[in-house]
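Below is the structure I would like to discuss, written out as structure tokens.
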Amino acid sequence: MTGPSVFTRILEGSIPGDIVAETERVFAISDINPQAPVHVLVIPKTEQYRDVAELAAGDPELLAEMVALARRVADERADGEFRLIFNTGAGAGQTVFHVHAHVLAGDLEEKSLVG
Ligand code: AMP
């Protein structure tokens with residue numbers, strides 16, 4: 001796809017979206033297809049990085065800011081405990097190539113991936 005990502009378009013207000021938290025460099029939206037009682041996407045405002053591996057190599061501080069906002073969202077919307085998922089690559093389920101973290105929180109008992 002060319003042009004701004006779906007997340008950038010939500011940030012800019014050109015398509016609807018539910019922005020639930022924001023800092024200077026990071027924002028969070030409700031996932032349109034929630035997989036848990038709390039399912040929020042935490043996203044850098046820049047779409048320079050396609051996935052978490054690129055982001056970690058290019059701007060680890062921005063990655064840390066994403067984790068901090070995930071924590072805040074889980075504190076505000078659940079009990080502070082959360083699962084953080086970065087699908088990385090189409091084969092791993094990534095569909096939007098503007099790096100984003102899935103924050104899953106609430107009752108995750110039925111959704112354990114491992115262990
Ligand atoms: P991924 O498959 O890891 O790339 O995650 C993309 C996520 O974006 C999916 O969980 C989608 O449900 C979500 N998504 C796609 N379009 C929108 C939208 N317009 N608003 C909110 N979430 C969206």
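When only DSSP loop residues count, what GluC sites (Glu not before Pro) in segment 22-85 have their Cβ near at most 12 other Cβ atoms within 10 Å? Could you put the intermediate results ahead of the total?
On the way: sites: Glu22, Glu24, Glu47, Glu54, Glu61, Glu65, Glu76, Glu81; in loops: Glu24, Glu47, Glu81.
The qualifying sites are Glu24, Glu81.
May I pose another question? Per-residue HN-Hα couplings for segment 17-27, Karplus 6.51 cos²θ - 1.76 cosθ + 1.60 at θ = phi - 60°, whole Hz, x for Gly and Pro?
For segment 17-27, the Karplus-derived couplings read x, 10, 7, 9, 6, 7, 10, 4, 10, 9, 9 Hz, x marking Gly and Pro.
How large is the charge dipole for the chain, taken about the Cα centre, if only the Cβ atoms of Lys, Arg (+1) and Asp, Glu (-1) carry charge, to the nearest 20 debye?
Values: 9 positive and 18 negative charges, 50 e Å.
The calculation lands at about 240 debye.
Calculated from DSSP H runs of 4 or more alone, at -39500 (n - 2.57) each and per residue, what is the 222 nm mean residue ellipticity of the chain, nearest 500?
Values: 3 runs with 32 residues, N = 115.
Mean residue ellipticity at 222 nm (helix-derived): -8500 deg cm²/dmol.
Continuing with the same structure: Using the Kirkwood radius over C-alpha pairs as Rh, can you work out the diffusion coefficient of segment 9-49 via Stokes-Einstein at 25 °C, viscosity 0.890 mPa s, in µm² per second? Write out the running numbers ahead of the final one.
Numbers: Rh = 10.8 Å.
Diffusion coefficient, whole number: 227 µm²/s.
Take the alpha carbon gyration tensor of the chain, find the square roots of its eigenvalues, order them as a ≥ b ≥ c, and report rounded if a/c is under 1.5; if not, report prolate when a/b exceeds b/c, else oblate.
On the way: a/c = 1.43, a/b = 1.30, b/c = 1.10.
It is rounded, given that a/c, with a ≥ b ≥ c, falls under 1.5.
For a quick check, take a GNM of the chain with Cα springs below 10 Å and name the residue from Asp18, Asp31, Asp51 with the largest mean-square fluctuation.
Asp18
Under 16 Å from a point placed 7 Å out from the Cα of Glu54 along the Cα-to-Cβ direction: which residues of segment 72-100 have their backbone N that close?
86-100
Who wins for biggest fluctuation among Ala70, Ala92, Ala53 in a Gaussian network model of the chain, springs between alpha carbons below 10 Å?
Looking only at Ala70, Ala92, Ala53, the biggest GNM fluctuation is shown by Ala92.
Dipole of segment 6-105 (Lys/Arg Cβ +1, Asp/Glu Cβ -1, origin at the Cα centre): which of Ala53, Val67, Thr88 lies farthest to the positive side?
Checked the options; the winner is Thr88.
Continuing with the same structure: Going 7 Å from the Cα of Phe97 in the Cα-to-Cβ direction, what parts of segment 1-43 have a backbone nitrogen less than 14 Å from that spot?
In segment 1-43, the label zone of Phe97 (backbone N under 14 Å from the point 7 Å along Cα→Cβ) covers 1-6.
Let me ask you something else. Taking springs between alpha-carbon atoms closer than 10 angstrom, which of Ile43, Ile15, Ile85 fluctuates most in the Gaussian network model of the chain?
Ile15
No value in this document is a laboratory result; all are computed from the given coordinates. Model, not experiment: these values are computed from the prediction. Please note: Cβ atoms are built from the backbone with ideal geometry, for glycine as well, and neighbour counts cover all protein chains shown.
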